[in-house]
Structures are given as structure tokens and as C-alpha cells.
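A quick write-up on the structure given underneath.
Rule-based calculations on the coordinates, nothing more; no lab input. Note that the structure is a prediction, hence the values are computed from the model and not measured. Here the Cβ is made from the backbone with ideal geometry for all residues, glycine too, and neighbour counts use every protein chain on show.
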Amino acid sequence: MTDLHELIPGRHGSYHSHETIIAAATHYVVCGNVRESAEASGVPVRTVTEWASLPWWSALVAELRLRKQDELDAALSGLIHSAVEAARTRIAQGDCRLVKRKDADGNDVHELVNVPVSARDAAVVAAIAADKRQIVRGEATEIVRHDSTKLDQLREQMRTISGRTIDGTCTPSSG
């Protein structure tokens, strides 16, 4: 991984530290706006605008985007694992519901109970999970049927040209 400080040229006598420049660039990567980046990092807009026009800024932003992409990928992977585990738990143990019932004295009592997941919800979870698994494996997620009209037209053209059917037998009109 590239050292971010190496991407910033020597700035002898510069008022802003490398950390401030990196902070401004990081804000830019997240928000995509020079003005917001300047405000968030405490750097004048004119300065960040100037930096953004320099070649080293593009390299710095590219490296930061790559790092943010890795962070986002890790965060989303964690979220996916948590959601899959929650779905697995709910399917096995049921959904928690607040149920109102009467106690022995006739008073309303609220309690949490586990209710089995509906067949519809379980089927939706299974279908989505199966599709996503196919994508991860690089396998088909749908079957595409092509209109056979064009194939029939092509078959007829071939029959006309060759005087034979596709299976190799002669047509009655051929000589």
C-alpha cells in the first residue's frame, strides 16, 4: 500500500501539513465537493481548489478512493454476514412478536413470543439467497429464451438455398 505522504510533493514552507492535505483529500473522496472538503478540513476553498488542479492531487485521491473502497467492502461484507446470521436465526427460531393476552384476572398482558416465519417470507429469503449464491459462483441466475421466429426464418432460408431440411433429408421440391 502506498504511503500517502509520498504522494504529496515536498512543500517547503507550506502552511498546511501533510495530515491536513490528506484530511482535505479524504473529505473530497467522501463528499466529492471542494467547498465541503475545505470547510471540513479547515483549509481555504481557494487552496483546496488549487491543490485539486495539481497532478499529485489526482494520485492522492485515487489512492484514498482505493482505501475507502476496501473499507466499504469490509463493512458491507460484515453487514451481509450479520444479516445472513439474523435470517438463519429467525428461520430456525421464528420472529419475535409482541402479543396481547388476558391474564387469570382478565387484565391485558403483553409478552414477547416467537412466531414461526411464514412460508412466503422463508421462500423469499431462500430465492434471494439462491440468486446471490449463483452470482458469487459466477453461475446463471436466469434462463433467457430467444424468439424462435428468426431461427425459423433462417431455417427456411437454408432449406431454400440447399434444397435440404436441417436433418439432411431432401425436400420434395428439390431436384
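Structure values in brief
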{"item": "For the chain, alpha-carbon Rg over 2.2 N^0.38 Å", "result": "2.06"}
{"item": "Max mean-square fluctuation residue, GNM over the chain, Cα-Cα springs under 10 Å, options R101, R46, R35", "result": "R101"}
{"item": "Mean Kyte hydropathy of -0.5 or more with a Cα span along the axis of at least 15 Å, helices from DSSP in the chain", "result": "18-31, 55-93, 119-137"}
{"item": "In nm, spacing of pseudo-spin labels at L151 and V45 (7 Å Cα→C-beta vector)", "result": "6.2 nm"}
{"item": "Reachable aspartates and glutamates, given that their alpha-carbon falls under 19 Å from the alpha-carbon of K68 and they are not under 8 places away in the same chain", "result": "D3, E6, E19, E36"}
{"item": "Under 29 Å from the Cα of K102 - lysines, other chains or at least 8 residues apart", "result": "none"}
{"item": "Calculated [θ] (222 nm, deg cm²/dmol) that DSSP helices of n ≥ 4 give over the chain, each run adding -39,500 (n - 2.57)", "result": "-20000 deg cm²/dmol"}
{"item": "Label-to-label distance, nm, for residues given as A75 and S17 (7 Å Cα→Cβ offset)", "result": "2.5 nm"}
